[in-house]
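Bear in mind these aren't lab numbers, they're just calculated from the coordinates by the rules spelled out. Keep in mind that what you see is a predicted model, and the values were worked out from it rather than measured. Please note: Cβ atoms are built from the backbone with ideal geometry, for glycine as well, and neighbour counts cover all protein chains shown.
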Amino acid sequence: MKMTFRWYGEGNDSVPLKYIRQIPNCSGIMGVLDQYAAGEVWPEEVIADYVKHVNSAGLEVEVIESVNVHEDIKLGLDTRDQYIENYNQTIRNLAKHGIKVIVYNFMPVFDWLRTDLNREIEEDGSTSLYYDEKELQGMTPQELVAKTAETSGGFTLPGWEPDRLAELDKVLKQYESVDAEQLLKNYKYFLEGIIPTCEEVGIRMAVHPDDPAWPIFGIPRIAHSQEQFDRIIELVDSPANSLCLCTGSLGSSPANDIPNIIRHFAAKDRIACAHVRNVKYLGERRFREASHLSADGDLDMFEIMLALYENDFQGYIRPDHGRMIWDEQARAGYGLYDRALGIAYLNGIWESLQKMKPRQ
Ligand code: DNO
């Protein structure tokens, strides 16, 4: 496995690249160019400069996150062909500069979503991301967007880019006529349009699970269980059509057995990368994020890393959604300290596995 760290770009992240370079065993970043709206082509020269900049800090960038899919593609509108063509161009441009995996999602309207970005954890005074379905039901989507923007400390959150949300009312209305089956059909059309390009240039698409792992605001969602991912990888049967196995997103639902899901998809070689983090259940559809330590949450990190190890996982891993500790001021979920602690811990598990179960 290759250990990496999500980084938002110079001037857009509170964590400098040189700090990331100093985290033990962290060889690269999962990068973002979020100045581009969904549907726009990412220009080759901008990608080239970005990669050069990251490399000059001694880090690799082989994974890019959030090449966002335009809503017209998810809605299946006539305009989708142009956006698919643009997506193909971005894929080609990224491949030319060494990108191997693109993490994306097919969640309508919203990416990951929480009802509180800075919930205090009483036991230790740190804060973390928090979700309560009851609170969500008392809000309109517009209110949630406003609250998220007000409490994000001035940072743009992944999937909450202003352009995406500017047309919220219109887009929500358009989804009234799209159910889960239709969304899946639109997804197939998208994959048929891009996977041949990926195969040609050597890129793997890694779909991120819905987070939380159920539909919200009555909008369909189709990527939050093993059965659904089985359907997704069958839409176009190619290793280029793979998963970003996010333990915390899938793990927001106790019904998902994460180590088993890992075994299932790793055996088929459909996990291109993994986001490894922990969650703590607080009640029915109510959870908060925890430190990575197994004992602090409800996911068993040892079993998760064991499932990856036993399947000889060669992909990229990163920690995810750290708590805010030691008075750090950063983008919610994306500070340095707790995610660096997460890496140190995951490294420790991996080293134990290597020494206890050496490969022949
Ligand atoms: C959340 C991230 C996601 C992910 C996107 C990919 O913390 O893991 O925002 O990058 O869903 O499109």
Two decimals is fine: what is log10 I(q)/I(0) at q = 0.10, 0.15, 0.21 Å⁻¹ for the stretch 252-360, from a Debye sum with one equal scatterer on every Cα and no solvent?
-0.30, -0.67, -1.19
Rounded to the nearest Å, the spacing of the alpha-carbon centers of the stretch 47-105 and the stretch 261-328 is 25 Å
When the Karplus curve 6.51 cos²θ - 1.76 cosθ + 1.60 is applied with θ = phi - 60°, which whole-Hz ³J(HN,Hα) does each residue of the stretch 55-60 get, with x for Gly and Pro?
4, 5, 8, x, 10, 8
Local electrostatic count at Ile271 - Lys and Arg +1, Asp and Glu -1, tallied over other residues with Cβ under 14 Å:
+3
Taking the DSSP beta bridges in the stretch 2-356 as the whole, what percent of them are antiparallel, to the nearest 5?
30 percent
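Specify, per residue and in Å³, the volume enclosed by the convex hull of the alpha carbon atoms belonging to the stretch 2-356.
On the way: hull volume 44.4 nm³, N = 355.
Roughly 125 Å³ of hull volume per residue.
Just want the ordering: Leu341, Leu157, Leu293, from fewest to most Cβ atoms lying within 10 Å of their own Cβ. Intermediate values should be presented prior to the final figure.
Values: Leu341 18, Leu157 21, Leu293 12.
Result, fewest neighbours first: Leu293, Leu341, Leu157.
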How large are Rg and Dmax for the stretch 144-228 when calculated on the C-alpha trace, in angstrom?
15.6, 43
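What is the stretch 214-281 by shape, rounded, prolate or oblate, if you read a ≥ b ≥ c off the alpha carbon gyration tensor as root eigenvalues and call it rounded for a/c under 1.5, prolate for a/b larger than b/c, and oblate otherwise?
Working: a/c = 2.04, a/b = 1.24, b/c = 1.65.
Cα axes put the stretch 214-281 in the oblate bin.
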In nm, the gap between the two label points placed 7 Å beyond Cα toward Cβ at Glu310 and Asp169 is 5.4 nm
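What shape does the stretch 28-140 have by the C-alpha gyration tensor, where a ≥ b ≥ c are the square roots of the eigenvalues, rounded means a/c under 1.5, and otherwise prolate means a/b greater than b/c and oblate the rest?
Working: a/c = 3.57, a/b = 1.33, b/c = 2.68.
It is oblate, given that a/c is not under 1.5 and a/b is not larger than b/c.
On a full-extension model of 0.36 nm per residue, what is the gain between Gln182 and Asp124, subtracting their alpha-carbon distance, rounded to one decimal in nm? If you can, show how the numbers build up before the last one.
Values: separation 58, 0.36 × 58 = 20.88 nm, distance 4.56 nm.
Extra length from Gln182 to Asp124 when fully extended: 16.3 nm.
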Contour excess over end-to-end distance, with Cα ends at Glu303 and Asp230 and 0.36 nm allotted per residue
24.1 nm
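Test of understanding: express the Cα radius of gyration of the stretch 280-328 as a ratio to 2.2 N^0.38 Å, with N the residue count.
On the way: Rg = 13.3 Å, N = 49, 2.2 N^0.38 = 9.7 Å.
For the stretch 280-328, the normalised Cα radius of gyration comes out at 1.38.
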Please state the charge dipole magnitude for the stretch 21-85, taken about the Cα centre, from unit charges on C-beta atoms (+1 on K and R, -1 on D and E), reported in debye and rounded to the nearest 20.
380 debye
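Using packing as a proxy for protection, rank 208-218, 271-281 so that the peptide with the highest average count of other Cβ atoms within 10 Å comes first. Provide the component values of the computation, followed by the final result.
On the way: 208-218: 21.0, 271-281: 24.5.
Highest mean packing first, the order is 271-281, 208-218.
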Please arrange Tyr334, Tyr50 by how many other C-beta atoms lie within 10 Å of their C-beta, fewest to most.
Tyr50, Tyr334
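What is the packing order of peptides 21-29, 64-72, 84-92, taking the mean over residues of other C-beta atoms within 10 Å and listing the highest first?
64-72, 84-92, 21-29
At a threshold of 8 angstrom on Cα-Cα distance, excluding pairs fewer than six apart, so keeping six or more, what relative contact order does the stretch 2-356 reach in percent? Kindly include the intermediate steps, with their values, before the conclusion.
Numbers: 658 pairs, mean separation 63.6, N = 355.
So the answer I get is 18 percent.
With each run of n ≥ 4 DSSP H residues scored as -39500 (n - 2.57), what mean residue ellipticity at 222 nm is computed for the chain after dividing by its residue count and rounding to the nearest 500 deg cm²/dmol? Can you show the working numbers first?
Numbers: 14 runs with 144 residues, N = 360.
-12000 deg cm²/dmol, from helical runs alone.
Using mean Cβ contacts within 10 Å as the protection proxy, how do 166-172, 303-309 order, highest first? If you can, show how the numbers build up before the last one.
On the way: 166-172: 13.4, 303-309: 21.7.
So the order, starting with the most tightly packed, is 303-309, 166-172.
Dipole of the chain, Cα-centred, from +1 at each Lys and Arg C-beta and -1 at each Asp and Glu C-beta, to the nearest 20 debye? Don't skip to the answer; put the middle values down first.
Numbers: 37 positive and 57 negative charges, 182 e Å.
The calculation lands at about 880 debye.
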